[in-house]
Amino acid sequence: MATTVDAQAPARRIGGGPTRSVAAASWTALGALMLRDLVVLRKHIGEFALRTIIQPFLLCFVFLYVFPKIGQGIGGHGPARQSAFATILVPGVVGISVMFQGVQSIALAMAQEFGFTREIEDRILAPLPVSMVAVEKIVSGALQGLFAALLVFPIAAIVPATPVHLHIHWLILITLAPLACAMCASLGLMFGTLFNPRTVPMLFGVVVLPLTFLGCTYYSWASLAPIKWLQIAVLVNPLVYVCEGFRAALTTAPTMSLWVVYPVLVGLTAFFTTVGIRFFRHRVID
């Protein structure tokens, strides 16, 4: 018996339609990549903890414990001056921990992924835009930088031989810390894509080390006033704004204006992210 088909009847979908949008699938894939990084981090938790703790511990141990104990306290003679130096140094240690963790967790990892392991090929097969893979790296690096910053506080509470007088301004701290971590992570992405995988380890001696010593880690930006040319020159250093921001959040010492710190950190984050994503796409395509 012949059957007739009503041309006006709605067509049935064979196999069903999509169960979720492209955006939803991208966010799900982004979450899966974050979870993957978390699992990898948990498997290497010992290496991560050592890498995170060793630098702030040694800085606090040498400058705030050893030197005062042997009578060579930095910042001047007397407990009051040494305590003032310790108070200035701790926010700088927080800033340098965020910087090192943000750059190291991304730049060194990308050297391996773009190098002999070619792990980056697995990541770009995820159902999300290539730029979102780069964003996931920034988020992961920022979270690791935030964790590194938190570890400084128990170290600063136990190690120093002289008192550290911190006065926490919570509103500044909770707004500045994520911004600083995001900026340092985006800087790590830019370094990881600009440098050849073979030369990435070299950037710590050529780029990161000068950033550290000239980043107002061991001194405040205002204290450079007697060396005016240097005070102006270090303004190109992103770490200056991170350390000065944490100094404003954790102390009552004179610092750079927050009306300068916040806009510069936002601008640097946008710039480093844009450049990093652009070079990341080029590296992936090549």
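Observations on the structure shown:
- Distance between the 7 Å Cα→Cβ label points at Leu173 and Val266: 2.4 nm.
- Taking all protein chains together and a 1.4 Å probe, the residues Met34, Met99 rank Met34, Met99 from largest to smallest accessible area.
- Peptides 152-161, 105-114, ordered by how many other C-beta atoms sit within 10 Å of their residues on average, highest first, read 105-114, 152-161.
- Per residue accessible area of the stretch 156-211, 1.4 Å probe, in Å²: 47 Å²
- Relative contact order computed over the stretch 129-215 (Cα-Cα under 8 Å; 6+ residues apart), in percent: 43 percent
- The order of Tyr219, Tyr65 by accessible area, most exposed first and with a 1.4 Å probe, is Tyr65, Tyr219.
- Using θ = phi - 60° and Karplus 6.51 cos²θ - 1.76 cosθ + 1.60, couplings along the stretch 51-60 (whole Hz; Gly, Pro as x): 5, 7, 8, 4, 5, x, 5, 5, 4, 5
- The stretch 199-234 and the stretch 135-194: distance between their alpha carbon centers, rounded to Å: 18 Å
- Residues Glu244, Glu47, ordered by accessible area of protein heavy atoms at a 1.4 angstrom probe radius and largest first, appear as Glu47, Glu244.
- Globularity index of the stretch 165-237 is 1.37 (Cα radius of gyration / 2.2 N^0.38 Å, N = number of residues).
The values are calculated or read from the model by the stated rules, or taken from the named source; none is laboratory data. All figures in this text were calculated on a predicted structure; none of them were measured in a lab. Quick reminder, even Gly has a Cβ in these numbers, built from the backbone with ideal geometry, and neighbours come from all protein chains shown. The area values use the complete protein model at the heavy-atom level, side chains included, leaving out ligands, DNA and RNA. Shrake-Rupley method; radii C 1.70, N 1.55, O 1.52, S 1.80 Å.
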